[in-house]
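Taking it in order: structure first as structure tokens, then the write-up.
The values are calculated or read from the model by the stated rules, or taken from the named source; none is laboratory data. Bear in mind the structure is a predicted one, so any value in this text is a computation, not a measurement. Neighbour counts run over all protein chains shown; Cβ positions are idealised from the backbone, glycine included. Accessible surface areas use protein heavy atoms only, side chains included; no ligands, DNA or RNA. Shrake-Rupley method; radii C 1.70, N 1.55, O 1.52, S 1.80 Å.
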There are 4 protein chains.
Amino acid sequence: MGSTPQPRRGNTRQRIQDVALELFAEQGYEKTSLREISEKLDVTKAALYYHFKTKEDILVSIFDDLNRPVEKLIAWGKEQPRTLETKKELLVRYSDALIDAAPLFRFMQENQAAVRDLSVGETSKKRLMELLDLLKDPDAALADQVRCVSALVSMHAGMFFLKDVDGKVEDKREAVLEVAVGLVTQAHSPDPAK
Amino acid sequence: MGSTPQPRRGNTRQRIQDVALELFAEQGYEKTSLREISEKLDVTKAALYYHFKTKEDILVSIFDDLNRPVEKLIAWGKEQPRTLETKKELLVRYSDALIDAAPLFRFMQENQAAVRDLSVGETSKKRLMELLDLLKDPDAALADQVRCVSALVSMHAGMFFLKDVDGKVEDKREAVLEVAVGLVTQAHSPDPAK
Amino acid sequence: MGSTPQPRRGNTRQRIQDVALELFAEQGYEKTSLREISEKLDVTKAALYYHFKTKEDILVSIFDDLNRPVEKLIAWGKEQPRTLETKKELLVRYSDALIDAAPLFRFMQENQAAVRDLSVGETSKKRLMELLDLLKDPDAALADQVRCVSALVSMHAGMFFLKDVDGKVEDKREAVLEVAVGLVTQAHSPDPAK
Amino acid sequence: MGSTPQPRRGNTRQRIQDVALELFAEQGYEKTSLREISEKLDVTKAALYYHFKTKEDILVSIFDDLNRPVEKLIAWGKEQPRTLETKKELLVRYSDALIDAAPLFRFMQENQAAVRDLSVGETSKKRLMELLDLLKDPDAALADQVRCVSALVSMHAGMFFLKDVDGKVEDKREAVLEVAVGLVTQAHSPDPAK
DNA sequence: CATGAATGAGTGTTCATTCAT
DNA sequence: TATGAATGAACACTCATTCAT
């Protein structure tokens, strides 16, 4: 927009990440070109390459930043007793993470194919599997295992799918959480050791 | 494998669709080039243009063929009484459709961003919304509405997410169905008119 | 130069090779861009890619075409008795090949670094070594081995180095040959079996 | 290693030259980027520009340093009587220079195309021509002129070509020299003034 | 029913170079 | 002495699409 050479502050790297995530989420990874990103930032394409080695590297850096809370959550979960309370708390905290990094998760959800053979794709899938392992009991009935899968995917898809449904965002979040907790509760074997 | 067994003499059209769907599902829409498709078929790119107007047109034609059952299902649903039985039957039939056209649905799921502004993207979303409307009661509690959303997305994602879980495909399908039915049942207001 | 869409004859592939070799020899491989080649041909860069898979592929195709006589020469040489007569004949024939494909050999000579890790680089070096093996006796004195090397490199470099020296091309060629033959003769062990 | 032992306090300039020459010789001029050089030195690209005006300037500075002995040799040669003894001595001294600055000469040999329109290219060619003029008699038979050319190019190429031949470096050097001297001797008109 | 030949617009990436600090 | 941040021009290459034959 401006043509005055703004006193390049040191925040360019951050701005690239912000704009990139916005466009990636809006149009998809493949359909977002570096030209587009650089134009929106009013810098040249080459400037992007000063800050990031490749296009994928931009995505990786965003992912690394925003995904840290999920990693912490999983680490936390692994140290807790495998009680229903723990599971419920996992869902609550995961819900928070999902909302904090909504664009990233929306992006990951909608670009699974594009991202499959990128490093973030694999990492992301691994995280999801770890979370799942914290929720489900390995030798529960198949339907109960599905309930845990269902709880997770509902939290992901739910948030975006619900955009077209009336209601306050906070209410929707709670409703999604309630359903997820219900599913996990149902799946929880009340007395695993007996 | 296709729904309507169109016995075209020259089966090239069909073969293009098959190979295209396979590659689209495997690598994503954007990352699959017409060159790739034509090479796998051992014809020239130009040949594709004899059978289809554009790349998108290939996708549309696949979608039209494979999605017809879902359209029929929705049409059927709209004529039924809005009972719990109807809803359960909807889920059962939808589950069948999902399995018959698994690659297509997997593709739609994993390429949401890529197809968002393609006609199939919109159509697909509309279908899903119509299905949802058949399952949920418009003025049910928010959580109950979420349960219906959850039932649907679980059916979609569930099938693919469960690939890494042990068990026979048929068993998994039934488990997914059981969970979906459970959610919809819970969401069904037992006496809407009272 | 014209803008009238000339009736694309089927010789484009050949024309690409011709122009490419010309530019490669004139400016070097790295400094010759595909844009340059295509502009000189009045086609688009993409057209080059219809005929050749990569830039290197253009070079390889030229090399394959023009280097065939040398391959034949070596094959012939391997079947001859290792007499001085054979060696002289090898030099004469090699001199012919050098002149027939002068631009290519000039190119190879002046772009050794650029071509070192291209396939043509290795192939070319191998050919030269095979030729050398046909000229020199493996256990001759070191100086005699050098004489054979010298004969070969003199033929290569000589032709181009002599551009700035007066004289008819045919005379120069014969002079170079005379010197090369002299060197090889001197190096030839008159009675290897004694 | 360098000719004039300029004991610059900050030795960065020297280090740049060393690394640059190493990479230029190894990979070629065009294929060696300033990024590569600076990374190998663990400084920034911009630092190179403090010491040298351009990429070419780096090459020029290396060339100027290492080529001085050749210039001196030519100046010396021009003052000597044009006897066979002088010519032999020229070859011996040139051989020394070649070995002292082997990487540079290897580089010049393998990158003729790349440096053709750089100043070093022209200078280098001029030096070679001057040397040649000291060796050959202007109105000798063509073949004798070729012998002198051959002596020179054999010294250049010979050293590198011989890498794949067995033998001690010192022996090879002497063998090359022997051959060169032989050629020049043969070319020397025994009684030019008579 | 299909191909051979080509195009125009685009992609991600690299380069030598600049300049305020 | 050097760097951090950026640029402009180029590069090799790919893509969906067209059209005469």
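Shown here are the Rg and Dmax of the Cα trace of the protein assembly as shown, at 38.1, 135 Å.
Between identical copies, the spacing of A:Q80 label points, each set 7 Å from Cα toward the C-beta atom, reads 3.9, 8.7, 9.0 nm from nearest to farthest. Please build a GNM for chain D, connecting alpha carbons under 10 Å apart, and tell me which residue among D:D144, D:D171, D:D64 fluctuates the most. Maximum fluctuation in the GNM of chain D, among the listed residues, is at D:D171. Radius of gyration over Kirkwood radius for segment B:62-135, both on Cα atoms: the Rg/Rh ratio is 0.98. Any idea what angle helix D:55-79 forms with the longest principal axis of chain D, computed on alpha-carbon atoms, 0 to 90 degrees, nearest 10? Rounded to the nearest ten degrees, it is 20. For A:G167, inter-copy separations between label points set 7 Å beyond Cα along the Cβ vector come to 2.6, 8.9, 9.6 nm, shortest first. Measuring r between the beta carbons of B:T185 and A:D166 and using R0 = 35 Å, the FRET efficiency lands at 0.90. Taking the 0 to 90 degree range and rounding to the nearest ten, how far is the long axis of helix B:169-187 tilted relative to the main principal axis of chain B, both from C-alpha atoms? Once rounded, one gets 40 degrees. Within the accessible surface of the protein assembly as shown, defined with a 1.4 Å probe on protein heavy atoms only, the carbon and sulfur portion equals 52 percent. The alpha carbon centroids of segment C:76-141 and segment C:18-49 are separated by 27 Å. For chain C, what ratio Rg/Rh do Cα atoms give with a Kirkwood hydrodynamic radius? Taking Rh as the inverse mean 1/r over Cα pairs, Rg/Rh reads 1.06. For the residue pairs C:K126/D:K88; A:K53/B:K163; B:K40/B:K126; A:K126/B:K163, the alpha carbons lie more than 23 Å apart in C:K126/D:K88; A:K53/B:K163; B:K40/B:K126.
Net length available on complete extension from D:D42 to D:E71 is 7.0 nm, with 0.36 nm assigned per residue and the Cα-Cα distance removed.
Solvent exposure of the protein assembly as shown amounts to 51 Å² per residue of accessible area, where only protein heavy atoms count and the probe is 1.4 Å. Inter-copy label distances at D:R35, shortest first and taken from points set 7 Å along Cα to Cβ: 1.9, 2.1, 2.4 nm.
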